[in-house]
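A.B. asks: Take this structure first; my questions come after.
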Amino acid sequence: METKKLNLAFVYNVRHKKPCLADEQAVAEAEFDEPVTINGIAHSLRKLGHEVYRIEANEEAYLKLKNLKNKLDLVFNVAEGLQNHDREAQIPAMLENLNIPYVGSKPLTQALCLNKAYTKKVLAYHQITTPRFQMFYNPNEKLSRKMRFPLIVKPVSEGSSKGITNDCLVNNQMELYKKIGELIEKFNQPALVEEFLNGREFTVSLIGNDPVEVLPPVEILFDHLPNNLAPMDSYEVKWIIDNPESQIQTISCPAQLDYKKFLQIKKLCLRTKQALDILDWCRIDVRMDSEGCPHVLEINQIPGIIPDPKENSRFPLAARTAGYTYEEMIHKIIKAACDRHNIPLSPALEPAPEKATNWLVKTFSGQKAFKPI
Ligand SMILES: Nc1ncnc2c1ncn2[C@@H]1O[C@H](COP(=O)(O)OP(=O)(O)OP(=O)(O)O)[C@@H](O)[C@H]1O
Ligand SMILES: [Mg+2]
């Protein structure tokens, strides 16, 4: 049996240069996908039986979408957006304008989550734990007396660890103000200063809306990093240390967690999804403080989904650990959007429902607190 074929536009941004700290265009494109990733996703969409129209999210994208409007059932959007600080909202906003259904959150949520400070304000309103923070619009502002070193300085609206280099972890006022000045100038946006949490770090992938499926958490490991690198997922770690040839193990999945702690993290993520009105899929970065209390660091609305397992792409790793094939993972993301829009999709490629819970049993069944769902 075949799935009901959808006419899908697949929208993406393509990386023209490999990530490299010294090259401005490469840093600007760090969030974009490699051609091999884009081909891999398109291939999987076709393998699922869909008709796929590829559209690069450049200045021509709106017209291409408009021309296809009457043909399309749905848009599978992985575009980070071409430029500027609301970029992830650009394609969803075009699709709202054209009234074409698409996978993922609405423009408001996309733009909000790209601004880490606004995100944190919403989280704080909902009493969702997130590190204490202060925004700096210029390097002459005074550090609040509530803020405790060590601190981390980051550009407020970037992803893929852009601007988050090893020296963003600062221990005194001199280092702090030097970094704030550098980042404001380089990224032309305010700097976000947060208290640095030194506990374990996880990234949690979610699929679906009602119900939401929490995939096995991925732990970011810092133990084996060279001594000169701070315990954080910096630009250096993400793009230099963490490569397919590296001998250093930088992530592990499923994270070795006490079941009760897992439930605490799961609840934190589900509350975050609800508070921000996140749709269909996302990946949430969580880090524990020194007492082991989990905090939300930030939300990735359009998580990377590099098909090649050697690349350690976190969302596909979580899905694989749960027992899903790459195509099953993509199908589940599409299905979440189809269910919201009442778009019929044949259940032929539906993964076995036990996969949602098998990994839980395998990971936690030895623990007293664990009760099979
Ligand atoms: N307040 C904090 N305390 C401890 N570590 C932090 C904090 N903020 C950021 N980090 C570290 O820096 C990394 C990158 O930060 P963050 O997730 O905010 O950046 P990003 O560029 O949006 O990441 P992504 O690649 O997920 O898009 C985190 O994964 C974490 O290791
Ligand atoms: Mg992150």
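A.B. asks: Quick one: with all protein chains in place, what share of the accessible area of the chain is carbon or sulfur, to the nearest percent (1.4 Å probe)? List each step's numbers first, then the result.
C.D. replies: Details: 8750 of 17280 Å².
Ligands and nucleic acids excluded, carbon and sulfur reach 51 percent.
A.B. asks: How high is the relative contact order of the chain, in percent, counting Cα pairs under 8 Å that sit 6 or more residues apart?
C.D. replies: Numbers: 692 pairs, mean separation 65.8, N = 373.
Normalised by residue count, the contact order of the chain is 18 percent.
A.B. asks: Where Rh is the Kirkwood radius over the Cα pairs of region 7-103, the temperature 20 °C and the viscosity 1.002 mPa s, what D in µm²/s does Stokes-Einstein return? Could the numbers behind the result be given before it?
C.D. replies: Details: Rh = 13.9 Å.
Value of D from the Cα-based Kirkwood radius: 154 µm²/s.
A.B. asks: For K18, what charge total do you get from the other residues with a beta carbon under 10 Å from its beta carbon, if Lys and Arg give +1 and Asp and Glu give -1?
C.D. replies: On the way: positive: R15, K17; negative: D23, E29, E34.
Net local charge, K18 excluded: -1.
A.B. asks: Keeping all protein chains in place, calculate the accessible area per residue for region 4-160 (probe 1.4 angstrom), answer in Å².
C.D. replies: Working: 7470 Å² over 157 residues.
On a per-residue basis, region 4-160 sits at 48 Å².
A.B. asks: What FRET efficiency comes out for K368 versus L270 if R0 is 25 angstrom and r is the Cβ-Cβ distance? Round to the nearest 0.05.
C.D. replies: Working: r = 23 Å, r/R0 = 0.94.
Plugging the Cβ-Cβ distance into 1/(1 + (r/R0)^6) gives 0.60.
A.B. asks: Based on DSSP H runs of at least 4 residues, each adding -39500 (n - 2.57), what is the mean residue ellipticity at 222 nm of the chain after dividing by all its residues, to the nearest 500 deg cm²/dmol?
C.D. replies: On the way: 11 runs with 120 residues, N = 373.
My calculation for the chain gives -9500 deg cm²/dmol from helical runs alone.
A.B. asks: I need the Debye-formula profile for region 132-195: one equal scatterer per C-alpha, no solvent, reported as log10 I(q)/I(0) at q = 0.16, 0.18, 0.19, 0.28 1/Å, two decimals.
C.D. replies: One equal scatterer on each Cα of region 132-195 leads to -0.41, -0.53, -0.59, -1.37.
A.B. asks: Related question: Sort C293, C113 by heavy-atom solvent-accessible area, probe 1.4 angstrom, most to least. Before the final figure, lay out each step's value.
C.D. replies: Details: C293 40, C113 5 Å².
If we order C293, C113 from most to least accessible, we get C293, C113.
A.B. asks: Go ahead and collect, in residue order, the members of region 142-161 whose backbone nitrogen is under 17 Å from a label point 7 Å along the Cα-Cβ direction of D167.
C.D. replies: 151-155
A.B. asks: What are the semi-axes of the equivalent ellipsoid for the chain, taken as the square roots of 5 times the Cα gyration tensor eigenvalues, largest first, in whole Å? Can you show the working numbers first?
C.D. replies: On the way: eigenvalues 209, 132, 73 Å².
Equivalent-ellipsoid dimensions as semi-axes: 32, 26, 19 Å.
A.B. asks: Still on this model: Answer rounded, prolate or oblate for region 158-270, using the Cα gyration tensor with square roots of eigenvalues a ≥ b ≥ c: rounded when a/c is under 1.5, else prolate when a/b is larger than b/c, else oblate. Working shown, then result.
C.D. replies: Numbers: a/c = 2.00, a/b = 1.52, b/c = 1.31.
Prolate.
A.B. asks: Calculate the spin-label point distance for E96 paired with N198, positioning each point 7 Å from the Cα along the beta-carbon direction, and give it in nanometres.
C.D. replies: Between N198 and E96, the simple spin-label model gives 4.3 nm.
A.B. asks: Assuming a ≥ b ≥ c are the square roots of the Cα gyration tensor eigenvalues, decide whether region 99-144 counts as rounded (a/c under 1.5), prolate (otherwise, with a/b larger than b/c) or oblate.
C.D. replies: Values: a/c = 4.70, a/b = 1.95, b/c = 2.41.
The shape class here is oblate.
A.B. asks: Could you give the nm distance between label points at H126 and K66, where each point is 7 Å from its Cα heading toward the beta carbon?
C.D. replies: Between H126 and K66, the label points sit 3.6 nm apart.
A.B. asks: Shifting gears a bit: How are the C-alpha pair distances of region 69-139 spread across 5 Å bins, as whole percents from the shortest bin up?
C.D. replies: Whole-percent P(r) values from 0 Å outward: 3, 15, 22, 17, 15, 13, 8, 5, 2, 1, 0.
A.B. asks: What is the log10 of I(q)/I(0) for region 201-364, computed with the Debye formula using one identical point scatterer on each Cα and no solvent, at q = 0.11, 0.19 Å⁻¹?
C.D. replies: -0.46, -1.31
The values are calculated or read from the model by the stated rules, or taken from the named source; none is laboratory data. Owing to the predicted nature of the structure, the values given are computational and were not obtained by experimental measurement. Counting neighbours? That spans all protein chains shown, and the Cβs are built from the backbone with ideal geometry, glycine included. For accessibility, only protein heavy atoms count, side chains too; no ligands or nucleic acids. Shrake-Rupley method; radii C 1.70, N 1.55, O 1.52, S 1.80 Å.
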